[in-house]
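Trainee: A single structure is presented below for examination.
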Amino acid sequence: MLRVYLEPATLRMLLLGFSAGLPLVLVLGTLSFWLREAGIDRSTIGFLSWIGLMYGFKWVWSPLVDRLPLPLLTRWFGRRRSWLLLAQSIVIFGLLGMAQNDPQQALQPMVWCALLVAFGSATQDIALDAFRIESADVDRQAALAASYQTGYRMAMIWAGAGVLWIAARAEVANVANYQHGAWQTAYLVMAASMSLGVLTVLLSAEPAPREFKPAKNAADWLRSALVEPMADFLRRYRWQAVLILALISVYRISDVVMGIMANPFYVDMGYSKDEVAAVTKVFGLIMTLLGAFLGGALSMRWGVMRVLMLGAVLSAASNLLFSWLATRGHDVTALIWVISADNLSSGIASAAFIAYMSSLTNVNYSATQYALFSSLMLLAPKFLAGYSGRYVDAFGYVNFFNATALLGLPVLLLVWLATRMKAPD
């Protein structure tokens, strides 16, 4: 049973999972710490979180990645590997551009490079999902997914704690707090780290190509690729689809809106790079994984909907702990306790939410429907999060964290209504 984790396909997914997790943190998490240290105001940092909307719209071009061959590259490497290599090249190019630009001198070039990284990363996610599904039979998909998630989480530690650790080591002693050279070194290392994914793709075999029913015209192709999966969902759930989509759209809103200001908050409270790296990135990630494991176990015993409600309550309530932390100043012990509670809650909520969204899909359209759901869950929270910096500037951190907790109240109502739904015919 355990020997499956030593098979080549499983080991490949470990490295490709690392390649997928690396750019996400660098443009949505670590970047906000860098910008705040460079003196960028919180309102601007909040608006720049809209870079994450790129992941929310990846379903728009997913049919192209799924079916469109690339000139020359597809002939040399195959459809899946060619798209993976193109996406990884875009990420590397964008990271190199971010490293070369100092946001304190000119912010716009940095923004364009970050958008490029996000686009390449979202495209890599699309191609990688298809590569994973086609790389092994159904019996091995769980092992591939587990290996992928392990690599993904390792990348989050490296792109979160690793970047801060490298930047702290690269700083010149007795110089002002902000040093662009330190961040430049850190992001150059991150760009080089993407070579693990590139090398893995080059050494991998192309999965057996899937045969698609040829479309008569462009309209027929769009209908089968985009319209039919959504139409199937609406046919099965009818009017209940409105409630389901509303719940998906706002379930993680408390976490997402609060999370954008987390790194600027740590900087303003005087926490060092090493403290943030150790507590929020490494220890926090461990607590998230523990919460996910607990959420999965509880879902099997109590049912997904009960744990979905528990996760919604805990996610909103844990934001109130940040309000308390904002009154403590530089208190590492308090930070550890707050991060423990918040990340444990987030892990429980995530496990239940993923299980819930998976249960809504039709096996015939599972990839497309899940991509639509996972994209939809980011749109409203990411849009609202763009104004988080302006809210903090106007009302302060304590009021901001209290407000994000209140955002979770409508979620409780939607979960309660969803529990009363009848199963589809």
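Trainee: Return yes when residue 65 is under 23 Å from residue 377 (Cα atoms), in contact (Cβ under 8 Å) with a residue 12 or more places away in the chain, within 21 Å of the chain's Cα centre (by Cα) and surrounded by 19 or more Cβ atoms within 10 Å (Cβ to Cβ) and no when it is not.
Mentor: In short, yes.
Trainee: As an exercise: evaluate residue 29 against (1) of a type outside the set (Val, Ile, Thr); (2) surrounded by fewer than 17 Cβ atoms within 10 Å (Cβ to Cβ); (3) modelled with pLDDT under 85 and give the number of the one condition it does not meet.
Mentor: (2)
Each row is one residue, and each column tells you yes or no for (1) loosely packed, with under 15 Cβ neighbours inside 10 Å; (2) touching a Pro at 6+ places or on another chain (Cβ under 6 Å); (3) without any contact (Cβ under 8 Å) to a residue 24 or more places away in the chain.
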residue	(1), (2), (3)
61	yes, no, no
72	yes, no, yes
75	yes, no, yes
90	no, no, no
96	no, no, no
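Trainee: Continuing with this model, one more query. Looking for something aromatic (Phe, Trp, Tyr), part of a helix (DSSP H, G or I) and at pLDDT 90 or above - is there at least one such residue anywhere in the stretch 138-150?
Mentor: Taking every residue of the stretch 138-150 in turn, none turns out to be aromatic (Phe, Trp, Tyr), part of a helix (DSSP H, G or I) and at pLDDT 90 or above.
Trainee: List every residue pair whose Cβ atoms sit under 6 Å apart, with the two residues 6 or more apart in sequence or on different chains, where the first one lies in the stretch 331-359 and is closer than 17 Å to residue 292 by Cα and the second, anywhere, is modelled with pLDDT of 80 or more and not in a helix (DSSP H, G or I).
Mentor: 353/251
Trainee: Oh, and also: List, please: which pairs have Cβ atoms under 6 Å, are six or more places apart or on different chains, and start with a residue in the stretch 385-404 that is of a type in the set (Lys, Arg) and end with one that is in a helix (DSSP H, G or I)?
Mentor: 390/43
Trainee: Continuing with this model, one more query. Got a sec? Which of 293, 353 is surrounded by fewer than 18 Cβ atoms within 10 Å (Cβ to Cβ) and either of a type outside the set (Asp, Glu) or under 18 Å from the mean Cα position of the chain (by Cα) (or both)?
Mentor: One residue alone meets the criteria, 293.
Trainee: Here is a further query. State yes or no: is residue 19 surrounded by 21 or more Cβ atoms within 10 Å (Cβ to Cβ) and farther than 25 Å from residue 380 by Cα?
Mentor: In short, yes.
Trainee: Out of all the residues in the stretch 185-193, is one or more assigned to a helix (DSSP H, G or I), closer than 22 Å to residue 61 by Cα and modelled with pLDDT of 80 or more?
Mentor: Checking the stretch 185-193: not a single residue is assigned to a helix (DSSP H, G or I), closer than 22 Å to residue 61 by Cα and modelled with pLDDT of 80 or more.
The values are calculated or read from the model by the stated rules, or taken from the named source; none is laboratory data. Since the model is a prediction, treat every value here as computed from it, not as a measurement. Glycine gets a Cβ as well: all are built from the backbone with ideal geometry, and neighbour counts include every protein chain shown.
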